[in-house]
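Below is one structure; the comments refer to it alone.
The values are calculated or read from the model by the stated rules, or taken from the named source; none is laboratory data. Quick caveat: nothing in here was measured; it's all calculated off a predicted structure. Please note: Cβ atoms are built from the backbone with ideal geometry, for glycine as well, and neighbour counts cover all protein chains shown. When the accessible area is computed, the model is the full protein with side chains, heavy atoms only, and any ligands, DNA or RNA have been set aside. Shrake-Rupley method; radii C 1.70, N 1.55, O 1.52, S 1.80 Å.
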Amino acid sequence: MEHWKLALIPKSFAPGQQNYDLEFQNSGDISVQSVTVYYRVDTKEKLSGTIVKPDSKTVVSKLDPNEKLTLSDLNLPIDTPISVEVDWLEGNRINKGTGVLIITEIK
């Protein structure tokens, strides 16, 4: 995702289940306005619906360069695609960054 660093930080662990923090960092050179962060666990059931909605939508008015935005204590499954998206306003232009990650194992 251009202008963004994404980190998946393991948190608490229960058998068969792992919680994570999903951290987005503005890696650009300037402050960005109207930042919206989404994530969605892409299960077959969810994607087969007529409307596919995100599992989370978080809005922040401004992020400075290198400032972080964290979504905390997310229960994310193994071997299932997780889509992430960041939308932000730079000047009077709306930018978008997207990506997909898959957790393959718990250590």
Please get the size of the charge dipole for the chain, origin at its Cα centre, with Cβ charges of +1 on Lys and Arg and -1 on Asp and Glu, quoted in debye to the nearest 20.
200
Restricting to the chain, what percent of DSSP beta bridges are antiparallel, rounded to 5?
100
Looking at the chain as a GNM with Cα springs under 10 Å, which of 36, 58, 50 has the largest mean-square fluctuation?
50
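Where Lys and Arg each count +1 and Asp and Glu each count -1, what net charge lies around residue 21 among other residues with Cβ under 11 Å from its Cβ?
0
Accessible area per residue for the chain in Å², computed with a 1.4 Å probe and the full protein assembly in place, what is it?
Each residue of the chain exposes 62 Å² on average to a 1.4 Å probe.
Suppose accessible area is computed on protein heavy atoms with a 1.4 Å probe; arrange 24, 13 from highest to lowest. If you can, show how the numbers build up before the last one.
Numbers: 24 0, 13 125 Å².
Correct descending sequence by accessible area is 13, 24.
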Looking at (i) 2, 13, 26, 26, 21, 10, 3, 0; (ii) 2, 11, 22, 23, 17, 13, 8, 3, 0, 0; (iii) 2, 10, 17, 16, 13, 8, 6, 5, 5, 4, 3, 3, 2, 2, 1, 1, 0, 0, 0, which value of P(r) over Cα pairs in 5 Å bins from 0, in percent comes from a calculation on the structure shown?
(ii)
If we count GluC sites (Glu not before Pro) as exposed when they sit in a DSSP loop and have at most 15 other beta carbons within 10 Å, what is the longest stretch of the chain that avoids them all?
3-66
Of 68/96; 11/96; 11/44; 46/68; 11/68, those spanning more than 22 Å from alpha-carbon to alpha-carbon:
11/96; 11/44; 46/68
Can you tell me how the range 46-86 classifies by the Cα gyration tensor, rounded, prolate or oblate, using a/c under 1.5 as the rounded cut?
prolate
Please list, in chain and number order, the residues 5+ apart from residue 55 or on another chain whose amide H is under 5 Å from its amide H, with Hs placed from the backbone.
39, 40, 41
